[in-house]
1. Net charge around G18, counting only other residues with Cβ within less than 14 Å of its Cβ (Lys, Arg = +1; Asp, Glu = -1)?
2. Do you know the relative contact order of the chain, to the nearest whole percent, from alpha carbon pairs under 8 angstrom that are 6+ apart?
3. Looking only at L23, L62, L99, which one moves most when the chain is put into a Gaussian network model with springs between Cα atoms under 10 Å?
4. Could you give the dipole magnitude of the range 11-130 about its Cα centre, charging the beta-carbon of Lys and Arg +1 and that of Asp and Glu -1, in debye to the nearest 20?
5. Just name one of I4, N20, N56: the one whose Cα is farthest towards the positive end of the charge dipole of the range 1-116 (beta-carbon charges, Lys/Arg +1, Asp/Glu -1).
6. Okay, which of the range 165-209 sit inside 16 Å, backbone N to the point 7 Å along the Cα-Cβ direction of L3?
7. Where the centre of each part is set by its Cα atoms, how far does the range 83-131 sit from the range 3-81, in angstrom?
8. Using a 10 Å cut-off on Cβ atoms, rank the peptides 230-238, 71-79, 188-196, 213-221 from the highest mean neighbour count down.
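Any read-out appearing in this document is the output of simple, stated calculations on the displayed coordinates, not a laboratory observation. Quantities reported herein were computed from a predicted structural model and do not represent experimental measurements. Note that each Cβ is placed from the backbone with ideal geometry, even for glycine, and that neighbours are counted across all protein chains shown.
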Amino acid sequence: MTLIDTADAYCLDDHDTGHNERLIAKAVQSYPGDISQVIVATKGGCIRPDGAWKRNGRPDHLIAACEASLKALRVSAIDLYQLHAPDVDVPLADSVGALEKLRRAGKIRWIGLSNVNKDEIKTAQSISPITTVQNRYNPFFWEQSLQGALAYCTEQGIGYLAYSPVGGGRLNKKLYDHETAKTVAKKHGASPHAVILAWLMTKSSVIIPIPGARTPEHAQDSAKAAALTLTPEDLAQLEQTEFSKD
């Protein structure tokens with residue numbers, strides 16, 4: 001694993017903005033191994049007033065948020081800086097324009113988008129090169145694939161960061177009891193979660209699942225998916241089964 005994804009808004013509230021970025025900076029800089037290939041991606045464009053989630057895509061906010069993230073991550077340039085979500089009160093072109101300004105200033109290396117559809121990706125591309133798109137994608141929610149975002153990213157060679165790849169929240173726990181996922185997992189000596197991650201990676205060459213982890217064991221289990229090769233029979237079984245959200 002060489003990609004760590006975070007955001008300034010991964011915190012309890014607006015008094016704690018940048019909390020997760022600071023933790024990651026501490027972890028990465030204290031790691032005894034080679035960190036030259038580690039990419040830390042973060043996001044701006046969401047705020048946490050009193051713990052709520054709200055969007056703020058104003059250019060001045062994004063520029064200030066990026067500066068704060070640079071300090072939190074203890075870097076001179078951010079590898080991948082993503083617009084956390086489009087703000088309905090701000091033209092997308094204005095938000096992306098601010099990120100392009102930051103890129104040209106050398107504050108960020110690559111620009112990414114999150115929670116966007118195909119048309120929004122195209123709008124952003126008219127302003128700046130777009131390196132990644134981060135959308136929810138898992139067996140319980142295929143909506144981004146159906147709306148064309150994944151197909152477009154595949155066509156354009158845009159990395160597709162699949163968040164909540166095993167369901168997120170309560171849904172990921174349902175995989176422990178999912179008969180098909182369990183059957184395939186047993187066949188490969190893997191966990192149902194690792195099977196789902198491996199399955200997602202067969203959907204497109206540009207998909208990069210970004211699973212979360214509550215324990216080191218969870219992270220190690222997810223990493224096993226990279227070496228898991230599913231057979232055509234496995235894929236057919238998974239494609240034909242239902243993943244109920246109920």
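1. Numbers: positive: R22, K26, K43, R48, K71, R74; negative: D8, D13, D14, D16, E21, E67.
My count for the surroundings of G18 gives 0.
2. Answer for the chain is 12 percent.
3. Sorting by GNM fluctuation, first place goes to L23.
4. Working: 16 positive and 15 negative charges, 70 e Å.
The dipole magnitude comes to about 340 debye.
5. I4
6. 165-166, 197-209
7. After rounding, the separation between the Cα centres reads 17 Å.
8. Numbers: 230-238: 14.8, 71-79: 16.4, 188-196: 21.1, 213-221: 11.1.
Descending mean neighbour count gives 188-196, 71-79, 230-238, 213-221.
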